[in-house]
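A quick write-up on the structure given underneath.
The values are calculated or read from the model by the stated rules, or taken from the named source; none is laboratory data. Please read these numbers as outputs of a predicted model, since none were measured by experiment. Note that each Cβ is placed from the backbone with ideal geometry, even for glycine, and that neighbours are counted across all protein chains shown. Keep in mind that these areas ignore ligands, DNA and RNA; they rest on the heavy atoms of the full protein, side chains included. Shrake-Rupley method; radii C 1.70, N 1.55, O 1.52, S 1.80 Å.
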Amino acid sequence: MERTAVLEQFDVDKVREDFPILTRTVNGKPLVYLDNGATTQKPKQVIDAIVNYYTQLNSNVHRGVHHLSQIATDAFEATRRKLRPFIKAAHEHEIILTKGTTESINLVASCYGKAFVKTGDEIIISAMEHHSNIVPWQILCEERGAVLHVVPINDAGELDMDAYRSLLNERTKMVAITYVSNALGTINPVKEIIALAHDAGASVLLDAAQAIQHLSIDVQALDVDFLAFSGHKMYGPTGIGVLYGKEKWLNAMPPYQSGGEMIKEVAFAQTTYNDLPFKFEAGTPNIEAGICLAHAIDYISALGLDNIAAYEHDLLEYATQQLLTIPSLRVVGTAREKSSVISFLLDGAHPYDVGVILDKLGIAVRTGHHCTQPLMDRFCIPGTVRASIALYNTKEDIDTLVAGVQRAAAMLL
Ligand code: PMP
């Protein structure tokens, strides 16, 4: 469909009716929620599913023969079944349910690291990574005597692909890169990144925490080895996330945590591990969140990720244009390919002070380093003000934000 036709058909008023929290006030003003990169609000379809879980299904999964345990297990596994086509994985058992992106990345760093990374091997990350995609690799490198390399970025916040090419070599074991930068909005050329890594014999983990809710992802077309994302950033509950991994790697990796669920048989002499995906799912999972994530996937799928992306992109362009009319405002992150995140600074004002004034006006934005301290160091700034746009935001939200920033500029500068 033509972009203009998509925009005309996207009924944001109807969408907003699904999100009860959007009708509340904050500090006496209607809430304008622009902190979606941190977490998204939840539609009533997800909230109702949570209530339904505790009133109709609550029971432990994968254990009991009794009715409740069986229907809870079916509902939990239905999410895995739904996730497979959502990311176009080849097999359901390649989908591991975790606590979130952070746990998914830690799992790969720990288990892939144990299986495949030796002294002198190399890991590549980028200058725009979230701390969750830096620290696990630092720890792995320290433990294994491996070397961490960082792909630099240009002033627009785009990866230096020539530098990336020159870092790759036969010692590179893993390239761990964010699909979309949470602080800058940059969409990285992941297909090319993956192909180059594979040519060098390295695996790739994509941090899709900021991509999964904006872009349709096909893990097989990308040929990515691992993909990590969180439910709470895609209109689902907190405490649930996903690790997709190619079967061949997951089978070759040792378990992450141990205990119940991840075993086939336990004897004091020896324990055998369960098959995928359960080998990586020790202990009682977050059952409620696991079940209700399916409703978030349904919600996104009904609207269509391409339609969502077109609508959000239109708002991003509008927001960028409008914010740039403020003379002292500077946008940080001006990549050609951008998702709906806009980070900015008012020259002469601390981002925190801008955030406090916006909060008084009922506008929720994120201020600070966004868990990307090395990135802030790269730009020689303490942090930014970040507005991150979701499918329920409107041009009126953007107008309110712009008026708020103008007010902050008048008060602070
Ligand atoms: N990576 C990126 C790019 C993120 O934006 C975030 C969340 N801000 C994370 C990782 C961590 O996600 P979670 O806290 O849900 O584990």
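Summary of values
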quantity: Between the stretch 44-106 and the stretch 150-223, the alpha-carbon center distance in angstrom; calculated: 29
quantity: Values of log10 I(q)/I(0), in the order q = 0.13, 0.18 Å⁻¹, for the stretch 286-369 under a Debye, Cα-only, solvent-free model; calculated: -0.62, -0.93
quantity: Accessible surface, the chain, averaged per residue in Å² (probe 1.4 Å); calculated: 42
quantity: Filter on LYS173/LYS233; LYS248/LYS279; LYS233/LYS338; LYS82/LYS338; LYS114/LYS248 - keep pairs with C-alpha separation over 23 Å; calculated: LYS173/LYS233; LYS82/LYS338
quantity: Long-range HN-HN contacts of VAL147 with modeled amide H, under 5 Å; calculated: GLY120, ASP121, GLU122, ILE123
quantity: Portion, in percent, of the accessible area of the chain that falls on carbon or sulfur, probe 1.4 Å; calculated: 52
quantity: Spatial separation of Cα centroids for the stretch 310-341 and the stretch 115-141, in angstrom; calculated: 31
quantity: THR325-HIS350 pseudo-label distance in nm [points 7 Å out on the Cα-to-Cβ vector]; calculated: 3.1
quantity: Segments 257-263, 391-397, 214-220 sorted - mean Cβ within 10 Å per residue, highest first; calculated: 391-397, 214-220, 257-263
quantity: 28 Å Cα-Cα threshold exceeded, pairs from LYS42/LYS264; LYS44/LYS246; LYS44/LYS99; LYS42/LYS395; calculated: LYS42/LYS264; LYS44/LYS246
quantity: Gained length - VAL65 relative to THR271, 0.36 nm times residue gap less alpha-carbon distance; calculated: 71.8 nm
quantity: Cβ-Cβ FRET estimate between LYS29 and GLN56, R0 fixed at 25 Å, reported to 0.05; calculated: 0.10
quantity: Helical mean residue ellipticity (222 nm; -39500 (n - 2.57) per DSSP H run of 4+; nearest 500) of the chain; calculated: -12000 deg cm²/dmol
quantity: Highest to lowest packing among 104-110, 82-88, scored as the average C-beta count within 10 Å; calculated: 104-110, 82-88
quantity: Mean separation of Cα contacts under 8 Å, 6 or more apart, over the residue count of the chain: relative contact order %; calculated: 23
